[in-house]
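Asker: First, the structure itself, so that you have it in front of you.
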There are 2 protein chains.
Amino acid sequence: MNTHAKTLPGKMVNGFSPADAAGLDQATRANVERRERLLGPAYRLFYKNPVEVSRGSGVLLYDSDGNEYLDAYNNVVGVGHAHPRVVAAITGQLGRLCTHTRYIQEGILRYAEDLLPTFGGRIAHAMFTCTGSEANDLALRIAMHRTGKRGIIITSEAYHGNSHLTAGFSPSLGERSPLGTWVRRVPAPDSYRFDPAVLGRKMAADVAAQIHDLERHGDGVAAFIADSLFSSDGIYADPTDLLAPVAEVVRQAGGLFIADEVQSGFARSGEKLWGYQRHGVDPDIVTMGKPMGNGYPVAGIAVSADAVSAFGHDMRYFNTFGGNTVAMAAAQATFDVIRDEKLLDNAARTGALIRNGIAEIARRFEGIGDVRGAGLYIGVELVRDRGTREPDSASALAIVNGLRERRVLISATGPNSNVLKIRPPLVFGPQHVDRLLSELETVIKTLPGA
Amino acid sequence: MNTHAKTLPGKMVNGFSPADAAGLDQATRANVERRERLLGPAYRLFYKNPVEVSRGSGVLLYDSDGNEYLDAYNNVVGVGHAHPRVVAAITGQLGRLCTHTRYIQEGILRYAEDLLPTFGGRIAHAMFTCTGSEANDLALRIAMHRTGKRGIIITSEAYHGNSHLTAGFSPSLGERSPLGTWVRRVPAPDSYRFDPAVLGRKMAADVAAQIHDLERHGDGVAAFIADSLFSSDGIYADPTDLLAPVAEVVRQAGGLFIADEVQSGFARSGEKLWGYQRHGVDPDIVTMGKPMGNGYPVAGIAVSADAVSAFGHDMRYFNTFGGNTVAMAAAQATFDVIRDEKLLDNAARTGALIRNGIAEIARRFEGIGDVRGAGLYIGVELVRDRGTREPDSASALAIVNGLRERRVLISATGPNSNVLKIRPPLVFGPQHVDRLLSELETVIKTLPGA
């Protein structure tokens with residue numbers, strides 16, 4: 001088993017390693033060195049052979065020589081690169097006014113009026129930040145203030161952000177990124193290795209045990225937080241009977257249930273606008289980010305009145321750029337496009353095409369152990385042997401880098417870096433699926449043992 | 001002394017209070033209620049009579065009825081509302097490509113090449129976030145990792161951000177916003193009440209005492225962080241011999257010196273591009289934000305190689321929107337405008353006009369105890385009596401709200417809310433100064449005792 005990703009400090013799944021610099025062409029090597037000199041040692045690039053990009057349109061990217069790439073990975077530009085309607089909305093608002101929430105403005109109120117009814121349940125208010133990290137950080141600040149506790153429960157390889165607090169409950173950042181002493185982990189629902197019928201009970205029981213441990217240490221539980229697609233754990237979209245029992249256990253202990261929709265929200269799952277809704281759970285706080293403004297830095301939370309009332313009374317929240325007039329124009333246009341172009345339906349339909357196509361390839365290639373996901377968030381698990389289900393990181397990374405050489409962009413995920421992560425913009429169409437599948441099969445045929 | 005701002009939870013200097021709702025016109029009251037319903041209890045509006053804005057140009061704002069306001073407060077749109085060059089740069093880049101730092105791109109490298117030489121000293125690398133809060137949060141994560149300590153020293157009424165970590169060292173958020181147990185405060189350099197000649201030694205001695213206390217509690221000192229204009233402490237631009245001795249004391253104890261340039265950076269002080277340079281100090285980390293992209297959410301840090309090397313080796317930093325292609329286009333255009341329109345010089349020249357004009361008004365109005373600041377960051381301290389220097393919050397807030405009724409926008413600051421804060425876009429010109437001064441004098445004449 002390749003546990004590279006776990007044991008090397010700062011190592012990233014599918015990250016470029018300076019050890020591979022000798023293999024790069026001269027221009028790329030020069031840019032890599034220039035980046036290191038200017039941006040320092042904490043930045044990472046994708047792929048053994050990093051990609052330079054200079055233009056994008058829909059699901060296509062172009063380098064500065066005009067070479068075309070199929071983008072099957074970018075979930076930030078959810079409605080497609082440089083969507084004209086979003087560009088026009090941002091441009092128009094930029095020329096009129098860009099300012100903050102301490103003045104009265106129409107745009108933020110109109111957007112909140114469109115957004116809030118999509119949640120239902122106990123959600124009452126929207127608050128705006130710039131990034132998903134800020135949204136999760138704010139959600140936990142609110143949860144800690146509401147409960148008077150500080151314990152946080154997450155899944156084993158969760159990622160929830162880059163702030164001090166959220167990095168402290170993002171174990172996927174690696175062994176040397178310290179977790180908070182009040183953070184506890186439960187195993188992700190590995191539907192490939194465990195009977196889906198028992199995973200629901202198991203997860204709620206695991207959470208109950210960790211709550212007990214947090215209480216035993218005097219911290220208590222402020223919140224459980226999870227992304228309902230368990231993206232960085234390896235992508236487990238099913239079963240969907242997991243999170244409602246967890247929420248019940250957490251609430252009985254006085255904690256809040258937070259749905260991190262930065263990855264799974266805004267139609268990504270193809271079934272519901274919000275991933276948590278597939279689980280039939282009613283969160284106290286929902287956090288959102290990445291695709292919210294199609295690349296414009298806008299993110300936020302939706303929160304119940306009960307969760308936020310004490311926080312709002314005792315403190316205040318201001319974010320200079322969060323919810324500014326341009327951010328709201330970007331978010332409104334993106335929201336409108338998702339609705340008007342019926343991208344929820346497209347995510348379901350196109351996602352099924354991809355999963356079915358890869359399942360077909362798996363009939364001819366034993367290394368694919370599992371194909372899973374929901375909508376346009378797809379995981380393909382590579383194994384050395386379907387019987388033992390031993391993870392095969394080397395093949396996964398060979399496929400990711402082989403596709404990159406054929407100008408198709410995907411990545412890998414999971415604690416063993418052996419799960420292909422396919423997560424294209426929501427405007428991916430059948431012609432793009434054909435290209436993706438055909439290139440995937442071509443690359444797989446070059447693998448040893450294929 | 002009015003200590004309202006300190007004692008009421010969540011109360012904000014110059015914030016609208018729901019208790020004043022009855023005095024609003026019907027449309028404003030309806031919008032205030034709509035905000036409360038949609039955005040919840042944690043949002044605050046400026047002024048007793050909140051302002052609705054719908055368009056901006058240069059230093060002017062307009063409400064939706066077309067009424068014009070003079071904006072003498074907005075330091076986010078540093079080069080002016082809707083600056084055509086910044087709008088064009090963002091628009092052009094949006095139509096080409098909006099994506100992140102895990103691909104090679106030219107824009108981020110070119111911007112870093114322009115930005116980094118402006119710091120000098122030990123600064124080597126630039127890293128990009130979306131907000132000043134994220135920049136300060138990242139700076140402290142790096143400092144904690146570098147030093148293995150967690151103590152943070154700040155000034156009494158500092159504001160450094162809204163994340164869990166940064167709110168924990170932002171006492172100006174109010175009495176109910178908890179400070180970290182590893183946070184210590186030193187008094188701000190009150191040049192109006194203390195002999196400037198002794199403030200430098202006093203501040204270094206105060207910091208040394210707090211370092212001792214942090215070590216005594218087993219935390220040690222990770223960093224001292226300050227905004228060199230001490231904005232939320234009441235605006236103390238002088239003396240400028242304070243921070244170099246502080247940095248020496250902090251470094252002797254193994255900590256880092258962090259310059260928070262979110263308020264004072266990008267030419268605001270009128271003397272140097274970066275406020276800390278007025279103090280002749282050489283920081284380990286510089287953080288920046290607000291005006292960096294003229295309203296586009298872009299922020300970042302500049303850091304020494306020594307400070308960030310262990311962090312970069314052991315961990316990694318990725319911010320989905322931070323340093324994306326559009327953020328860099330916005331930052332580059334803003335940087336170019338500051339240089340090409342000579343806004344550093346304008347800040348010095350126009351700032352002096354304002355300060356001299358207010359000093360002239362002070363000859364006719366005893367309530368103005370002190371006029372201070374640097375460049376276009378100006379503080380005007382209101383007192384009940386020039387002998388006792390007793391703070392006069394009521395007059396300060398009456399002036400702020402009186403000016404608002406005359407459509408001139410400023411605010412107030414300081415622990416006693418008695419310091420007018422005048423902080424216009426850097427393109428403020430002599431004609432705007434005339435209007436500001438004339439309206440200020442008109443409002444002052446309506447005050448009791450004027």
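Each value in this text was obtained by applying a stated rule to the coordinates, not by laboratory testing. Predicted model only: the values in this text are computed from it and were never measured. Positions of Cβ are generated from backbone atoms using ideal geometry, with glycine treated the same way; all protein chains shown enter the neighbour counts.
Asker: What does the copy distance list look like for A:Ala359, label position 7 Å along Cα→Cβ, in nm and ordered from shortest?
Answerer: Distances to the matching label points in the other copies: 8.0 nm.
Asker: Then there is this: Do me a favour and compute the ellipsoid semi-axes for the stretch A:84-340 from its Cα gyration tensor, root of five times each eigenvalue, largest one first, whole Å.
Answerer: Calculated on Cα positions only, the semi-axes equal 31, 20, 16 Å.
Asker: For the stretch B:87-192, with equal point scatterers placed on the C-alpha atoms only and solvent neglected, what are the log10 I(q)/I(0) values from the Debye formula at q = 0.12, 0.23, 0.24, 0.25 1/Å, to two decimals?
Answerer: Cα-only, vacuum Debye calculation for the stretch B:87-192: -0.62, -1.24, -1.29, -1.34.
Asker: Let me ask something else about it. Ignore the peptide's own chain and count Cβ atoms of other chains within 10 Å of each Cβ in B:149-160; give me the average, rounded.
Answerer: 0
Asker: Modelling each spin label as a point 7 Å along the Cα-to-Cβ direction, I'd like the A:Ala305/B:Glu33 distance in nm, to one decimal.
Answerer: 1.4 nm
Asker: For a quick size check, give me the Cα extents of the protein assembly as shown along its three principal axes, largest first, whole Å.
Answerer: That works out to 91, 57, 55 Å along the principal axes.
Asker: Once every DSSP H run of n ≥ 4 in chain B is given -39500 (n - 2.57) and the sum is divided by its residues, what mean residue ellipticity at 222 nm do you get, rounded to the nearest 500 deg cm²/dmol?
Answerer: It comes out at -11500 deg cm²/dmol, rounded to the nearest 500.
Asker: Then there is this: Take every Cα pair under 8 Å in the stretch A:84-340 that's 6+ residues apart, average their separations, divide by the length, and report that relative contact order as a whole percent.
Answerer: With pairs under 8 Å counted, the relative contact order is 30 percent.
Asker: Quick check: residue separation of B:Ala244 and B:Ser64 times 0.36 nm, minus the Cα distance between them. What number comes out in nm?
Answerer: Gain on stretching B:Ala244 to B:Ser64: 60.0 nm.
Asker: Give the nm distances, rounded to one decimal, from A:Arg339 to the matching residue in every other copy, measuring between label points 7 Å along Cα toward the beta carbon; shortest first.
Answerer: Reported distances to equivalent positions: 4.5 nm.
Asker: Moving on to the next point. Please report, for B:Pro178, the nm distances (one decimal) from its label point, 7 Å out from Cα along the beta-carbon direction, to the equivalent points in the remaining copies, shortest first.
Answerer: Counterpart label points of B:Pro178 in the remaining copies fall at 1.8 nm.
Asker: Here is a follow-up. Using DSSP, restrict attention to beta bridges with both residues in the protein assembly as shown and report what percent are antiparallel, rounded to the nearest 5.
Answerer: Approximately 65 percent, going by the DSSP bridge assignments.
Asker: Taking the Cα atoms of chain B alone, what are Rg (to one decimal) and Dmax (as a whole number) in Å?
Answerer: Taking only Cα atoms of chain B, I get Rg and Dmax of 21.5, 64 Å.
Asker: Further question on the same structure: How many Cβ atoms of partner chains, on average, are near each residue of B:75-86 if near means within 10 Å of its Cβ?
Answerer: 2
Asker: Let me ask something else. Measure up B:Lys290/B:Lys421; B:Lys202/B:Lys421; A:Lys48/A:Lys421 against 19 Å on the Cα-Cα distance and list the ones that go over.
Answerer: Check vs 19 Å cut-off fails for B:Lys202/B:Lys421.
Asker: Over all residues in B:177-187, what is the mean tally of Cβ atoms on other chains that come within 10 Å of each residue's Cβ?
Answerer: The per-residue average across the peptide is 1.
Asker: Can I ask one more? Would you mind checking the stretch A:398-417 for residues with the amide N under 15 Å from a putative spin-label position 7 Å along Cα→C-beta of A:Thr446?
Answerer: A:398-410
Asker: Calculate how many DSSP beta bridges within chain B are antiparallel, expressed in % of all such bridges and rounded to the nearest 5.
Answerer: 65 percent
Asker: Moving on. Can you tell me what percent of all Cα-Cα pairs in the stretch A:370-450 are more than 14 Å apart?
Answerer: 62 percent
Asker: Post the alpha-carbon centroid distance, the stretch A:114-171 to the stretch B:28-94, in whole angstrom.
Answerer: 27 Å
Asker: Looking at the stretch A:319-391, what % of the alpha carbon pairs are farther apart than 20 Å?
Answerer: 54 percent
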